Amino acid sequence: MTVEGVFLPSADTEHGIGVHHRVDRPSEAPPAIDANGKKPRNGKKAVEKLEEIPESDPERPLSVRSLALTSDRLGLTAKLDLAEIQGTTAIPVEYRKGKPKRSGEIAEPTDDMMEQPRLLPGPEPWPTDRVQIGLQAILLEEAGYTVSEAYFYYAAERLKLRIVVDEALKREALAELDAAKRDAQGQRPPPLINDPRCPRCSLQPICLPDEINHQRLTALTVNGQAADEQLTPRKLWPPRDDGIHVVLQRDAIRVGVRGQSVRITDKEGELVRDLPLANVESLAVLGGVQISTQALIVFADQEVPVAFLTAAGRLVAMMDPMGPTSAAVRSAQIRILDKPEKALELARAVTVAKIANQRTLLMRNHAILPSGVAADLQASVEAATKATSMDELRGHEGNAAAIYFANFAGMFKQGVQKIAATFNANGRQRRPPPDPVNSVLSFAYSMITNECVAALRLASLEPTIGALHSTRPGRPALALDLVEPFRPLIADSVAVYSVPRRPTRL
Ligand code: SF4
C-alpha cells in the first residue's frame, strides 16, 4: 500500500518482511503444468515459468513462492506469497504477521441458570485478507487453474486458517477492486478520523491524518457549518520508536554480531549487553573500543552508521556503506551552495533557529533571567534574519553566543554553585574543555554532529560542503550547519540536566 506512490517502512512492516523472509524469495522450481501436459490459458508470468517445468513427476505438488500474476482484462497484478500447485489445482497461501479477526459469535449457554453467554473466539480472515485472496484466486483461474480453497498463516498465533473460494468471495473481491479503481481515478479520499488503525499505520507520516483532519474540520467550522465529525486530540506516535543509538566508550570492550544480536563483551569475553540488531539505529565507538570486521560488514549491510571517535569524543571517521549514493543530488548540492545568495539563505535559517532556541532555553530554565537578555537575543534573531553577508551573520551569531553562555550557568539547579562558578569563569571553551560543563557540551555536540553526518549521508548529501561553516579538510561543514538549531534543544539541555548527576558509563 502506498499514498500517491510513496511508501515508508515502519516497525510493523519490517516485522512483516521478517515473517515473509522465506516466501518472498522467488522459487527456483516453476509451477506444474496440467495433467494433460497443456499450458494454462492466460497469465503471462505463469506461462513463462510453466514452459520450464520438469515433466518427470507431474503429480508432485509444487510450492511456488512469490508468484507474480497479471491480468490485462482486470488491470491487476498480484504477487502470491505461496501457491501449492498439483496438476491443474492451485491453493494460494498468504502469510500474515498478525492475528486473525475474532468474529465475536455468541456461544449458546449450556446451562441458562449457571452460565453467562460468552463470545466464541472464531478466528476468521480480515475483510482485506478475503479480498486479496479472492483476487489471487481469480488470477489463478485466468491462468488455467482450479481454485476451491485457500489458506492464511497468521504468524502471531501460528494459526493456519482455511477459507473456501466460492462465487460469493470472488464477487466481493471484484466489487472492492472496482471501488479501488474508482478511488484511484479521483483525488485521494480524506484520511480516517480518530481511527485506531492510524497510529501504527506505516503511511501515517505521508497521509498525516491528524494534521489534515484538523485543517479540514477547522475549515468546516470557519465557514459557519457545523462539523459533522468530531475530532478529539489523540496521542501521536512516531513511525519507529524502537531505535537504539549505541555509544560505547569503555576501553577494550568488544562489539560483535551473532545471528540477529549485537553482542558487547568485555576484554575477558564476558557478555556486557546483548541488543537486537534490528533495533540498532547507530553505533558510536570511542577510544579503545574494538569492533570486528564481520560486525562492520553486517552494520554496512543493514545501513547502520558507525562513527569512530577519539576517547575525548572528537569524530575522526564514519563508515560509509556503499549504498545507492546519488551523484545527481551531490552535484546539485554543490551547485546550490556555490551560489552565495543560496548559501547565505541556508546559513541564515540555521543561525536564526539556533539563536531563537537559545533564547527559549534560557527563558524556560534560568532561575532569574536578567532583564534585557531575552530582548537582546530577540534583537540578534531579527538582525540575523536581515544579515546581507556571511561575515555579518557570523557576527550576530557570535554576539548571541556570548550573551547566551554568559547566562548559561543560571540554568543549573541549586547545589552545583561550584560547577556553575567554574563554567562562568571559563566561559565556553573547547580543545580541551577545561571543566565538566564544557566537557559535556563538547561531547554532546560531537554526538549530534555524528547523527547529522549519518542523516546527510543517508540523504546522499555531502557532509563536508556546507554554508555557514566553511569547507576545510576533514570538517563535516554541512553537518555542523545542520547541528546549529539542535545545540540548545538537545546538547545544552542534556548539559543543564546531567551536570548535577553522576554520568553513567556502559
Ligand atoms: S494513516 Fe490512517 S487514514 Fe492514513 S492510510 Fe493509514 S490508516 Fe488510512
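Enumerate the pairs (first residue in segment 187-201 and farther than 13 Å from R216 by Cβ; second residue anywhere and part of a helix (DSSP H, G or I) and within 9 Å of the ligand (Cβ to nearest atom)) with beta-carbon separation below 6 Å, excluding pairs fewer than 6 apart on the same chain, so at least 6 apart or on different chains.
C198/Q204; C198/P209
When residues of segment 58-73 are filtered for being open to solvent by less than 20 Å² (accessible area, probe 1.4 Å) and at pLDDT 90 or above, how many remain?
Residues that pass the stated criteria total 2.
Restricting attention to segment 263-307, which residues are part of a strand (DSSP E or B) and buried (at least 18 other Cβ atoms within 10 Å of the Cβ)?
Passing the criteria: R263, I264, V280, S282, L283, A284, V285, L286, I291, V306, A307.
When you go through A455, A467 one by one, which is the residue that is touching a residue at least 40 places away in the same chain (Cβ under 8 Å) and in contact with a Leu (Cβ under 9 Å, 6 or more places away or on another chain)?
Of A455, A467, the one residue that is touching a residue at least 40 places away in the same chain (Cβ under 8 Å) and in contact with a Leu (Cβ under 9 Å, 6 or more places away or on another chain) is A467.
Do you know which residues across segment 440-457 are farther than 12 Å from A491 by Cβ and open to solvent by 20 Å² or more (accessible area, probe 1.4 Å)?
Hits for segment 440-457 are A455, R457.
Just to be sure, is R200 at pLDDT 85 or above and open to solvent by 60 Å² or more (accessible area, probe 1.4 Å)?
No, not satisfied.
Quick check on my filter: what residues within segment 386-434 are in a loop (DSSP other than H, G, I, E, B), crowded, with 16+ Cβ neighbours inside 10 Å and at pLDDT 75 or above?
A387, N407, F412, R428
What number of residues within segment 176-202 are within 9 Å of the ligand (Cβ to nearest atom) and more than 24 Å from the chain's Cα centre (by Cα)?
Counting residues in segment 176-202 that are within 9 Å of the ligand (Cβ to nearest atom) and more than 24 Å from the chain's Cα centre (by Cα) gives 1.
The values are calculated or read from the model by the stated rules, or taken from the named source; none is laboratory data. Since this is a predicted model, take the numbers as computed values, not measurements. All Cβ positions, glycine included, derive from the backbone under ideal geometry; neighbour counts span all protein chains shown. Ligands, DNA and RNA are stripped out before the accessible areas are found, and what is left, the full protein with its side chains, is counted by its heavy atoms. Shrake-Rupley method; radii C 1.70, N 1.55, O 1.52, S 1.80 Å.
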